[in-house]
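Comments concern the structure below.
The values are calculated or read from the model by the stated rules, or taken from the named source; none is laboratory data. In this text the structure is predicted, and so the values were computed from the model without any measurement. We place every Cβ from the backbone using ideal geometry, glycine too, and count neighbours over all the protein chains shown. In case anyone asks, the SASA skips ligands and DNA or RNA and just uses the protein heavy atoms, side chains included. Shrake-Rupley method; radii C 1.70, N 1.55, O 1.52, S 1.80 Å.
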Amino acid sequence: MTLNKKSLSQTKQVVSRDPVLDLERKPVDESRITAFESNLRGRLLRPGDEGYDLSRKVWNAMIDKHPGLVAKCAGAADVVASVDFARENGLLVSVKGGGHNVAGKAVCDGGLMIDLSGMKSIRVDVAARTARADPGVILGELDRETQAFGLATTLGIVSKTGIAGLTLGEA
């Protein structure tokens, strides 16, 4: 049995997946979810929680997927904990950076969406003429920070595109 929107909204369970057959295996034990949540600095959202629907949206409004959990990561430790939790529980994973993702791969149905959109630090080193940016930064934000120091980027042309997707080729 595969998950669909109706089964997700009725059960409110996070279900592990068989990675080869992509079939439902078993619900993830609530105590494991609670332990995971307590180790996050960011928030863990479930269907029905305030902010859940907003976090699962991407720029392409035709994408309407419903993750079982959304980890709103506040830093690298949250990302590591999220990947570990998904691996240990056999969960389907998707990763959302800036949220532009046209193809909709940033959101999954039933699994764990790792949401990096709140990670927005940008550090400009004027002497080295370089910038370091977190995965939730969008192009317009990076441009604004680099231009303040007389620098320019050659990353893309749409200011609402996430730089993580542009950098990794999934924009």
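Per residue, the stretch 23-171 exposes an accessible area of 54 Å² to a 1.4 Å probe, with every protein chain left in place. Working ranking of peptides 35-45, 64-74, 134-144 by packing, defined as the average number of other Cβ atoms within 10 Å per residue, highest first, is 64-74, 134-144, 35-45.
Considering the stretch 90-171 at the alpha-carbon level, its Rg and Dmax are found to be 13.9, 47 Å. Amide H to amide H, with H built 1.01 Å from N, residue 43 comes under 5 Å of 72, counting only residues 5 or more places away or on other chains.
Contact order, relative form, for the stretch 23-171: 19 percent (alpha carbon pairs under 8 Å, 6 or more residues apart, mean separation divided by residue count). Spin-label model, residue 159 to residue 129: label points 7 Å out along the Cα-to-beta-carbon direction sit 2.5 nm apart. Just so you know, the averaged projected area of the alpha carbon convex hull for the stretch 53-118 sits at 3.9 nm².
A quarter of the convex hull surface defined by the alpha-carbon atoms of the stretch 90-129 gives 4.3 nm² as the mean projection.
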